[in-house]
Amino acid sequence: MSIDKDTAARVAKLARIRVEDADLPALAEEFNNILGFIEQLNEVDVEGVEPMTSVTPMRLKRRVDEVTDGDLQDKVLANAPDAREGFFAVPKVVQ
Amino acid sequence: MSDLNALTIAEARDKLRAKEISSAELTDACLNAIEGSGALNAFVHNTPELAREQAAAADVRIASGDAPAMCGIPLGIKDLFCTKGVPSQAASAILDGFKPEYESTITQNLFDAGSVMLGKLNMDEFAMGSSNETSTYGDVVNPWRRGNDDAALTPGGSSGGSASAVAADLCLAATGTDTGGSIRQPAAFVGITGIKPTYGRCSRWGVVAFASSLDQAGPMTKTVRDSAIMLEAMCGHDPKDSTSADLAVPDFEAMLTGDIKGKVIGIPKEYRMDGMPGEIEQLWADGTAMLKEAGADIRDISLPHTKYALPAYYVIAPAEASSNLARYDGVRYGHRATLEQGDGITEMYEKTRAEGFGAEVQRRVMIGTYVLSAGFYDAYYNRARKVRTLIKKDFEDVFAAGVDAILTPATPSAAFGLGEMANADPVQMYLNDVFTVTVNLAGLPGIAVPAGLDKQGLPLGLQLIGRPWEEGDLLNTAYALEQAAGFVAKPTKWW
């Protein structure tokens, strides 16, 4: 599996990271190196092996579905790059 | 009263309880040491006022005669931990200016025990790196040098600031985190002790997430005893982390008897890598002999899937990172790119993430995105998770056969020069974690113990891997190794 410039551009888009056109060939090459290293996994016989979901056998704890905190609007917004009238502000999403 | 900052936690605790010193004096000694340590670039956000306040409160508590072991002990905190009102950036530009409104469970546990925070410590960006060269704060410098050569060396990574600060006596101990070796590799590079506990032992709540199924926090300390004391204060069940184990925390320090007679120590043949430096091989042989001398039963073992641990890790960790780091979008906290007329929300995301994430973080997020993308999920991500099951089974098999702990080198080399790997393929850098990453994939406890110096005078460490939840037994084996190795070397102060 070899990654070309277009695939690199598609991955960057999916990851929502802007990559300049001129940087794409180098990025594709890096991906190919790393994926080449990962390809070793194809040597392993994984027939009948369950993919790991939890490294320690544990049942996730459950709790009663109830409100445990709230009324923290100021704190929630305290670090926002742009907060207005109690909301996070972003560029226009809907035309 | 000089060099209080050079004390171990255990020594300081005893002196504090004996009223020979105060936490205020101890804290001032550390703050002074930090002031003169700019060349190391270990501390990146200093909190002297908070430290003095906490020290004064600790002195009151100690005077009352009812103080836990960590009371009044000045610590450095890795920048990955969210600390209320104090910058917590994971060494990333994307979290510029972020001051959490909450405290991580681990730092809260340490503060509840009376510990003092001196400041935040440098690290690799989002804990992704093995040399502390990916930080937005710049490189951390190792206090050790090669003989009289003044070339700057890496302290390792990602907990490089923690390693450098403890080795240089800027603090008594520090918190670290370990996703693929980020406590143990830097500990080995600077001649200190670092333990990654069993997955689930320490709460991950309030610790900036890198790869959630692998991340664990742990202490980085001057001695094994200090690791036992500090780990006990850090860990415990936390309802805010659903993967935190609801198990009693033993008195780890009380388990340090140094008696390992009859313990079975496994020596895995797959860790004997091609091209391994002779000195590392010798160190490993010496460590094996020390444990045998102490009464342990040495057994050759096989962990057949070891070779596949790094490639599996470089699927699983980036996959989880791509998901965890999706939250850095310029909306809720941290950096937002300046937008041009007509830019919409997608441009905002893309520009913000391109500006805010460094090259290594971008690379891993994109690799993770790729291995999770439609058509490749089974071929990469699911296959890696199956291999992970096999890697864990390798360990289960040897433990079931009676092995109590496994001895390996901690790193494939001593600390290397900053910039030395700049032109290397990223995969070359990843090989730093070849001995440590298996432990994260299997969720096991692992500890790095300094065991000797190489020809150039740099520290080398050995790693012990234990059974799940048996950190106490593992610490005791490490204690026996520490006693036998007798490592007491310190870097010569040049900074």
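Of the residues making up the stretch A:1-18, those that are more than 7 Å from every other protein chain (Cβ to nearest Cβ), in a loop (DSSP other than H, G, I, E, B) and more than 9 Å from B:Tyr370 (Cβ to Cβ) are A:Met1, A:Ser2, A:Asp4.
For the stretch B:411-427, the count of residues that are closer than 27 Å to B:Glu360 by Cα, among the β-branched types (Val, Ile, Thr) and assigned to a loop (DSSP other than H, G, I, E, B) is at least one. Picking from residues in the stretch A:25-44 that are within 9 Å of chain B (Cβ to nearest Cβ) and farther than 15 Å from B:Val371 by Cα, the one that is surrounded by the fewest Cβ atoms within 10 Å (Cβ to Cβ) is A:Glu43.
Hey, any hits in the stretch B:371-379 for a residue that's closer than 14 Å to A:Ala12 by Cα and part of a helix (DSSP H, G or I)? Yes - at least one qualifying residue is present in the stretch B:371-379.
When restricted to residues that are in contact (Cβ under 8 Å) with a residue 40 or more places away in the chain, outside any helix (DSSP H, G or I) and either more than 18 Å from B:Thr8 (Cα to Cα) or out of contact with any Phe, Trp or Tyr (no Cβ under 9 Å at 6 or more places or on another chain) (or both), the stretch B:33-82 contains 24. Among residues of the stretch B:1-17 being surrounded by fewer than 17 Cβ atoms within 10 Å (Cβ to Cβ) and at pLDDT 95 or above, the one that is nearest to the chain's Cα centre (by Cα) is B:Ala6.
Restricting attention to the stretch B:344-362, the residues that are closer than 16 Å to A:Glu20 by Cβ, without any contact (Cβ under 8 Å) to a residue 12 or more places away in the chain and surrounded by fewer than 19 Cβ atoms within 10 Å (Cβ to Cβ) add up to 1.
Name the residues in the stretch A:45-88 that are among the charged types (D, E, K, R) and within 8 Å of chain B (Cβ to nearest Cβ), would you? Listed by number, the residues that qualify are A:Glu50, A:Lys61, A:Arg63, A:Lys75, A:Asp82. When the stretch B:218-251 is filtered for residues that are hydroxyl-bearing (Ser, Thr, Tyr), touching a Lys or Arg at 6+ places or on another chain (Cβ under 6 Å) and touching a residue at least 24 places away in the same chain (Cβ under 8 Å), nothing remains. Across the stretch B:336-362, the qualifying residues are those that are facing chain A (nearest Cβ under 9 Å) and in contact with a Phe, Trp or Tyr (Cβ under 8 Å, 6 or more places away or on another chain), and the one among them that is nearest to B:Val439 (Cα to Cα) is B:Phe357. The listed residues are B:Ile260, B:Ile280, and the only one of them that is away from every other protein chain (no Cβ under 14 Å), in contact with a helix residue (DSSP H, G or I) (Cβ under 6 Å, 6 or more places away or on another chain) and β-branched (Val, Ile, Thr) turns out to be B:Ile260. Any residue that is within 7 Å of chain A (Cβ to nearest Cβ) and part of a helix (DSSP H, G or I) - is there at least one of those in the stretch B:290-306? No, that holds for no residue. The residues on offer are B:Gly452, B:Gly402, B:Gly472, B:Gly443, and the sole one that is within 17 Å of the chain's Cα centre (by Cα) and either in a strand (DSSP E or B) or of a type outside the set (S, T, N, Q) (or both) is B:Gly443. Number of residues in the stretch B:402-448 that are over 23 Å from B:Ala285 (Cβ atoms) and of a type in the set (Ser, Thr, Tyr) equals 1. Can you find a residue in the stretch B:413-426 that is free of Cβ contacts under 8 Å to residues at least 12 places away in the same chain and closer than 17 Å to B:Arg467 by Cα? No, that holds for no residue. Criterion applied to B:Gly443, B:Gly417 was being away from every other protein chain (no Cβ under 11 Å) and either of a type in the set (Gly, Ala, Ser) or farther than 18 Å from B:Ile280 by Cα (or both), and the one residue passing it is B:Gly417. Counting only residues that are surrounded by fewer than 19 Cβ atoms within 10 Å (Cβ to Cβ), at negative phi and more than 7 Å from every other protein chain (Cβ to nearest Cβ), the stretch B:363-377 holds 4 of them.
The values are calculated or read from the model by the stated rules, or taken from the named source; none is laboratory data. All figures in this text were calculated on a predicted structure; none of them were measured in a lab. When we count neighbours, we look across all protein chains shown, and the Cβ atoms used for this are built from the backbone with ideal geometry, even at glycine.
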